[in-house]
């Protein structure tokens, strides 16, 4: 079973954020300490910590790291805003990051306006970051419980990239569905796309599923269609980094291809994500900002040049899957359905209003 924690805080305000360096897996299990906002920014940027919920938690702690050395209240709010802008610049697609920094900014500004005690402001930020972490853990459990019934006994499943415990503060989003099914005593098999170019499926998903005793097989991304034609897959579950108000989703590059193939082969395609991943300000997926990363992630392999320096490389980290290809969205509040529509506008709006009323 899982015996690791992707992200945690050690100590009090003067402590440190500890993360698993996911760039070293599966060969080496190494933890690194984040002591400054720059450390947090760098860890997010280079994918030492990755996955929308996990980078949200890392950014929350990063907000504290950016201001905890301040001794005077006079500059607290300005520095907190500056830290938010800085952390938000690390990766643009996953909305959980800016959601978390916004939550931290709101609580920080609120307490700073009522006290001259900067130490109290720091303690409040740490409490809020820990709350964001524990809230993510709770959401992961709920997502798993809502999605577990989708996994049939002796089922064949597929996932893309890593949306597991390594991508969250808890058991994951997509993979929490499999962990919950495992806890129900079900036997099933998971195929994991390797997920080019950084192989998060091969390096990370396979590592944690195997560690948890779940039968996992890695395939190349280009094999997914042939797999669907040869074996009757029962279920595909992926995570998401941002979901528009109509249910279009952004996820790791290659997700769109899997979704289109799934529709052609009549395989139910589900997305698992907490409501913090929804961006209600975006009408559809065309408005989601897509991060483009460095050419070296594609042009080199194991330290060797695989694409000539004179050849152009395009390296978008994410793609957008339209709602029409998605069977349902598994959230902490239940599974959203299209209910006869081509998109999820109605069900997402109802959930948004429910959560607003609950708070």
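From the residues in the range 5-30 that are exposed (fewer than 14 other Cβ atoms within 10 Å of the Cβ) and touching a strand residue (DSSP E or B) at 6+ places or on another chain (Cβ under 9 Å), which one is nearest to residue 129 (Cα to Cα)? Only one residue tops the list, namely 10. Take the residues in the range 65-82 that are more than 20 Å from residue 39 (Cβ to Cβ) and touching a residue at least 40 places away in the same chain (Cβ under 8 Å), then tell me which one is surrounded by the most Cβ atoms within 10 Å (Cβ to Cβ). Result: 76.
Of 59, 40, all but one fail to be within 22 Å of residue 278 (Cβ to Cβ), in contact with a helix residue (DSSP H, G or I) (Cβ under 9 Å, 6 or more places away or on another chain) and buried (at least 20 other Cβ atoms within 10 Å of the Cβ); the exception is 59.
Looking only at the range 109-140, residues that are assigned to a helix (DSSP H, G or I) and touching a helix residue (DSSP H, G or I) at 6+ places or on another chain (Cβ under 8 Å) come to 17 in all.
Per-residue answers, yes or no, for (1) touching a strand residue (DSSP E or B) at 6+ places or on another chain (Cβ under 7 Å); (2) over 27 Å from residue 211 (Cα atoms); (3) assigned to a loop (DSSP other than H, G, I, E, B):
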position	(1), (2), (3)
58	yes, no, no
70	no, yes, yes
84	no, yes, no
87	no, yes, no
92	no, yes, yes
100	no, yes, no
104	no, yes, no
107	no, yes, no
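Can you name the number of the only condition in (1) assigned to a helix (DSSP H, G or I); (2) without any contact (Cβ under 8 Å) to a residue 12 or more places away in the chain that residue 53 fails? Among (1) assigned to a helix (DSSP H, G or I); (2) without any contact (Cβ under 8 Å) to a residue 12 or more places away in the chain, the lone unmet condition for residue 53 is (2). Tell me which residues, restricted to the range 180-207, are touching a residue at least 60 places away in the same chain (Cβ under 8 Å), over 15 Å from the mean Cα position of the chain (by Cα) and assigned to a helix (DSSP H, G or I). Within the range 180-207, 203, 206, 207 meet the criteria.
Laboratory data are not the source of any read-out in this text; all were calculated from the coordinates shown. The model shown is predicted, which means the values in this text are computed figures rather than measured ones. Cβ: placed from backbone, ideal geometry, glycine included. Neighbour counts: every protein chain shown.
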